Amino acid sequence: MSALRFCDVAMLYCPRGGGIRTYCEQKLDWFSRQRRHAYTLIVPGARTRLRWVESSVSIVEIRGVPLDRDPDGYRVFADIPALWNAVRRSAPDLLEAGDPWISGPLSLLMRRRGHVRRVASFCHSDPRLGPGRLQSSYDATLAASRWVADRLTAAGVARVRVTPFGVDPALFEIGAARVPHDGPLRLLYAGRLDRDKEVRLLLEALPALLDTTDAAITVAGRGALEAPFKAVAHPRFAFAGYVADRARMLDLYRTHDVLVSTCGRETFGLSVLEAAAAGLVIVGPDGGGAGEMLRSIPAPFVFRRGDSASLLAAVREALASDRRQACDESRRMAAGYGTWSDAIGRLVATCEQIVDGAS
């Protein structure tokens, strides 16, 4: 395969984002460590500007309108002519559209006019939220989990490719060094605190967890439901807020024993994979990408999606489990996904096939 030019238009990226931010930053890192392909990442920002990461790797920020008062929060592209010109200058062999509302239609129009060779769409949200007819117009649709791929296929979308994520190698090191300890266990929730993450289930279960167990509970994240979590006053509860520092996030995984994941519609469930690599026991829903991962564990601690009583029962079961065995099962599951370097390498190989027109 000859050298190719890749371009991502990632409107769902923001400096304080979660899985999509990690995905984009890991792609930047992967492309920066090779000398074969060129890569351009286009994201919304406060103003339009170009930044070079390496001689063949660049980030283009396009002026966007903020969706809230957070200057580092999510934005919608506002300068469409600048976005159009940025893509044209990158002259990509493959353009990856990261949302179905702006970058999707724009990329298809640019393909029609001959400015790009191939167009792929990465489905970062529940497939029900995107325009189905448009989805079938891409040369390929990328999905991080089989759960998303199956939903897309069932909706009539053709040319779906499964490209799972990976994890930071440091998490496998934490998992390998983990030794189950005596004393109260430490539970962790790490993710957005918004309704679409179904985090209200944890909020509803918190009083019973704090009253009937001796577990310590930490919630890390930001979102519309921050206030009720901040208001919890209990000696065994800690609200960590948004954790921007990667070293601090690794330390949270290192110092906790159980991860609670609440959303049954996750397109992948990156926090589940990260925690599993670090050797945490996982409590998660029976649906979505998180549920898909947990089904590969021999004795998973799963609850019925949307059921706070079921979540509470699953947490109690996890607290009473053989933690050494559960930790080993988590780590084995995560090992099957590998590191981010493995995952992006697989993704790029898939994209090379798409450019070649392979089905």
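When the residues of segment 168-182 are filtered to those that are under 10 Å from residue 279 (Cβ atoms) and touching a Phe, Trp or Tyr at 6+ places or on another chain (Cβ under 8 Å), which remaining residue is surrounded by the most Cβ atoms within 10 Å (Cβ to Cβ)?
Checked segment 168-182; the qualifying residue surrounded by the most Cβ atoms within 10 Å (Cβ to Cβ) is 171.
Is there a residue being more than 27 Å from residue 321 (Cα to Cα) and either among the β-branched types (Val, Ile, Thr) or touching a residue at least 40 places away in the same chain (Cβ under 8 Å) (or both) anywhere in segment 244-261?
Looking for residues that are more than 27 Å from residue 321 (Cα to Cα) and either among the β-branched types (Val, Ile, Thr) or touching a residue at least 40 places away in the same chain (Cβ under 8 Å) (or both), one finds at least one in segment 244-261, hence yes.
What helices (runs of 4 or more DSSP H) completely inside segment 123-239 contain at least 2 residues that are in contact with a Leu (Cβ under 8 Å, 6 or more places away or on another chain) and at pLDDT 95 or above?
On the way: elements: 132-135, 146-154, 169-177, 200-212, 226-230.
Qualifying helices (runs of 4 or more DSSP H): 169-177, 200-212, 226-230.
What are the residues in segment 65-93 that are buried (at least 21 other Cβ atoms within 10 Å of the Cβ) and under 22 Å from the mean Cα position of the chain (by Cα), if any?
If the condition is that a residue be buried (at least 21 other Cβ atoms within 10 Å of the Cβ) and under 22 Å from the mean Cα position of the chain (by Cα), then 75, 77 are the ones that fit.
Is it the case that residue 109 is out of contact with any strand residue (DSSP E or B) (no Cβ under 7 Å at 6 or more places or on another chain), free of Cβ contacts under 8 Å to residues at least 40 places away in the same chain, in the same structural domain as residue 144 (by TED's automatic domain parsing) and not in a strand (DSSP E or B)? Before you say what the answer is, go through the steps one by one.
Values: out of contact with any strand residue (DSSP E or B) (no Cβ under 7 Å at 6 or more places or on another chain): yes; free of Cβ contacts under 8 Å to residues at least 40 places away in the same chain: yes; in the same structural domain as residue 144 (by TED's automatic domain parsing): yes; not in a strand (DSSP E or B): yes.
Here the answer is yes, as residue 109 does meet what is asked.
Collect the residues in segment 14-51 that are within 14 Å of residue 73 (Cα to Cα), among the β-branched types (Val, Ile, Thr) and not in a strand (DSSP E or B), keeping them in residue-number order.
20
Right, residue 11: part of a loop (DSSP other than H, G, I, E, B) and at pLDDT 95 or above or not?
Values: part of a loop (DSSP other than H, G, I, E, B): yes; at pLDDT 95 or above: yes.
Considered against the rule, which asks whether it is part of a loop (DSSP other than H, G, I, E, B) and at pLDDT 95 or above, residue 11 comes out as yes.
Report yes if some residue within segment 256-267 is part of a helix (DSSP H, G or I), of a type in the set (Ser, Thr, Tyr) and at pLDDT 95 or above; otherwise report no. Steps first, answer last, please.
Residues of segment 256-267 part of a helix (DSSP H, G or I): none.
No, every residue in segment 256-267 fails to be part of a helix (DSSP H, G or I), of a type in the set (Ser, Thr, Tyr) and at pLDDT 95 or above.
Take the residues of segment 53-64 that are of a type outside the set (D, E, K, R) and surrounded by 14 or more Cβ atoms within 10 Å (Cβ to Cβ): which is farthest from the chain's Cα centre (by Cα)?
Top of the filtered list is 56.
Looking only at segment 247-273, how many residues end up being touching a Ser or Thr at 6+ places or on another chain (Cβ under 7 Å) and farther than 16 Å from residue 221 by Cβ?
2
Hey, can you tell me all the residues within segment 257-297 that are of a type outside the set (Gly, Ala, Ser), more than 21 Å from residue 179 (Cβ to Cβ) and in contact with an Asp or Glu (Cβ under 6 Å, 6 or more places away or on another chain)?
Hits for segment 257-297 are 262, 263, 265.
Hey, residue 95 hits all of (1) within 15 Å of residue 80 (Cα to Cα); (2) among the aliphatic types (A, V, I, L, M); (3) touching a helix residue (DSSP H, G or I) at 6+ places or on another chain (Cβ under 8 Å) but one; which does it fall short on?
Going through the list (1) within 15 Å of residue 80 (Cα to Cα); (2) among the aliphatic types (A, V, I, L, M); (3) touching a helix residue (DSSP H, G or I) at 6+ places or on another chain (Cβ under 8 Å), residue 95 breaks only (1).
The values are calculated or read from the model by the stated rules, or taken from the named source; none is laboratory data. In this text, all values refer to a predicted model and were calculated from it rather than measured experimentally. Neighbour counts are summed over all protein chains in view; Cβ atoms, including those assigned to glycine, are modelled from backbone coordinates with ideal geometry.
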